[in-house]
Structure formats: C-alpha cells, structure tokens
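Engineer: Supplied in structure tokens, the structure appears directly below.
The values are calculated or read from the model by the stated rules, or taken from the named source; none is laboratory data. Quantities reported herein were computed from a predicted structural model and do not represent experimental measurements. Here Cβ is always computed from backbone atoms with ideal geometry, including for glycine, and neighbour counts include all displayed protein chains.
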Amino acid sequence: MITMKIPEKIFTHVFKPFVFILLLLPAIHLGWGMWQDTLGANPLEAIIRSLGDWALRFLLLTLALSPLRRLTGWGQVLRLRRMLGLYTYFYALLHLFSYLWFDQFFDWIEIGYDIIERPFITIGMVSMFLLTPLAMTSTKAMMRRLGKHWKRLHQLIYLIAILAIIHFFWMVKLDVSEPTIYAVVLAILLGERAIYSYNSLRKKSKLLRMTNNSNSETE
C-alpha cells in the first residue's frame with residue numbers, strides 16, 4: 001500500500017482552503033448563471049436540480065474518504081470529512097430552500113400536500129430530516145459530548161445516501177441513467193465498507209482465539 005502525506009503546513013494552510021473554495025464553486029457557478037441568465041429555458045428548475053445533484057455528489061464523496069484512506073494510507077484525507085459533510089448539508093439545504101421558494105413559493109398548504117402525495121418529495125424530506133442532526137453534531141465538542149453515541153448517530157449517513165438515490169430515481173422516472181450511476185457508486189462504497197468490517201471482525205476473532213489459546217497453554 002502506498003502511503004501519502006502532505007506536509008502539515010501545506011495541508012492546513014493551502015490544501016484545505018483550496019478544497020473549501022473548490023467545493024463552493026458549483027454554488028458560485030449557479031449564482032453567476034442565474035445572474036447572466038444562462039441556465040436554459042427553465043432556470044429555476046435547473047437550480048433546484050443542480051443543487052440536489054451536488055448535494056448527492058458530495059455525500060458520496062464524503063463516504064469515499066474512508067475507502068480512499070484505506071487504499072492509499074493517506075490519513076489526512078479524513079480531516080476533510082467534516083468539511084465535505086457540512087458542504088453536503090449546505091447544498092441539500094439550498095436544494096430544499098430553492099424547492100420551497102421557486103417551486104412552491106412558500107405555500108405551506110401546497111407543500112404539505114406535495115409531501116403527502118408525491119413519494120419522491122416525501123423521501124427527500126425524510127433524508128433532509130435525518131441529515132440535519134448529523135450536521136448539527138459535526139463539531140469536536142459534540143463528538144466529545146455524545147461519546148460512543150456519536151458514531152452510531154453518524155452511521156445514518158448510509159441510510160441517507162440510499163434514500164437520496166431513491167429520491168433521485170423517483171424524481172426522474174424515465175431517464176434513470178444518472179441515478180443508476182450514483183447507485184452503482186454507492187453500492188461499491190457500501191460493498192467495500194461491508195468487506196472491511198467483515199475482515200476486521202475476522203481479525204479480531206482470530207486474535208481473541210489466539211489470546212485464549214495462549215492463556216490456556218499458560219495455565
């Protein structure tokens with residue numbers, strides 16, 4: 001396994017700010033496109049759709065960090081996880097807000113009907129509801145306060161990713177090529193996680209048996 005490492009000062013003062021700006025570019029691009037009226041015949045729909053797409057992409061990218069670390073040995077990459085997670089929430093929140101504003105004009109009665117009658121809206125709202133506590137507990141202080149419960153809470157990200165892709169499938173209905181690509185990526189990430197967890201359990205079980213056998217021989 002190749003081990004990667006960026007010098008600490010460069011990682012902290014150059015690489016992380018660069019990634020921060022890079023993740024902001026889709027929102028800047030959309031804002032500029034709206035200002036210049038270059039988002040096509042239906043710019044409001046383009047904004048809603050694009051914000052949702054980027055939220056899903058960043059969610060999958062967040063899930064990809066641990067496999068990337070295991071593949072490359074680049075431990076620093078996990079320090080980008082909180083930033084990516086918060087950007088995922090940022091774009092998901094903008095996606096929700098643009099739907100409430102551009103699609104429903106904050107008509108809460110119509111929004112309520114939409115949530116009940118349109119399954120892809122329902123599942124999208126559930127995803128957003130589940131994502132919110134993850135964003136709210138992303139600080140180091142909350143990690144310390146929640147202790148072992150923090151990790152259990154943040155395992156919801158796997159369910160959220162599945163729900164987000166179902167939301168995408170149900171929304172597009174006919175042309176499912178793009179959500180299919182995201183579904184395959186998620187399946188690979190979840191499969192890698194399952195294999196890693198299985199191998200870790202096997203190693204722990206083997207180590208425990210070896211320890212017990214050693215203790216038995218000593219006795």
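Engineer: Name every residue in region 4-23 that is over 18 Å from Phe90 (Cα atoms), among the charged types (D, E, K, R) and at pLDDT 95 or above, in order of residue number.
Structural biologist: Within region 4-23, no residue meets the criteria.
Engineer: Report every pair of residues separated by at least 6 positions or lying on different chains whose Cβ atoms are under 7 Å apart, first residue within region 57-78 and more than 21 Å from Lys140 (Cα to Cα), second aromatic (Phe, Trp, Tyr) and modelled with pLDDT under 95.
Structural biologist: Partner pairs satisfying both residue conditions: Leu68/Trp74; Arg70/Tyr196.
Residue by residue, here is whether (1) in a loop (DSSP other than H, G, I, E, B); (2) at pLDDT below 95 holds:
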| site | (1), (2) |
| --- | --- |
| Ile2 | yes, yes |
| Leu25 | no, no |
| Trp35 | no, yes |
| Gly40 | yes, yes |
| Asp53 | no, no |
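Engineer: Follow-up. What number of residues in region 71-84 are over 21 Å from Trp150 (Cβ atoms) and of a type outside the set (S, T, N, Q)?
Structural biologist: 3
A quick yes/no check of all residues on (1) over 20 Å from Leu163 (Cβ atoms); (2) part of a helix (DSSP H, G or I); (3) over 16 Å from the mean Cα position of the chain (by Cα); (4) of a type in the set (A, V, I, L, M):
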site: Leu30; (1), (2), (3), (4): yes, yes, yes, yes
site: Ile48; (1), (2), (3), (4): no, yes, yes, yes
site: Leu59; (1), (2), (3), (4): no, yes, no, yes
site: Leu68; (1), (2), (3), (4): yes, yes, no, yes
site: Met83; (1), (2), (3), (4): yes, yes, no, yes
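Engineer: Restricting attention to region 4-17, which residues are among the hydrophobic types (A, V, I, L, M, F, W, C), surrounded by 12 or more Cβ atoms within 10 Å (Cβ to Cβ) and not in a loop (DSSP other than H, G, I, E, B)?
Structural biologist: Phe11, Val14, Phe15
Engineer: Looking at region 106-144 only, could you name the residues that are part of a helix (DSSP H, G or I) and in contact with a His (Cβ under 8 Å, 6 or more places away or on another chain)?
Structural biologist: Phe120, Ile123, Gly124, Ser127, Leu134
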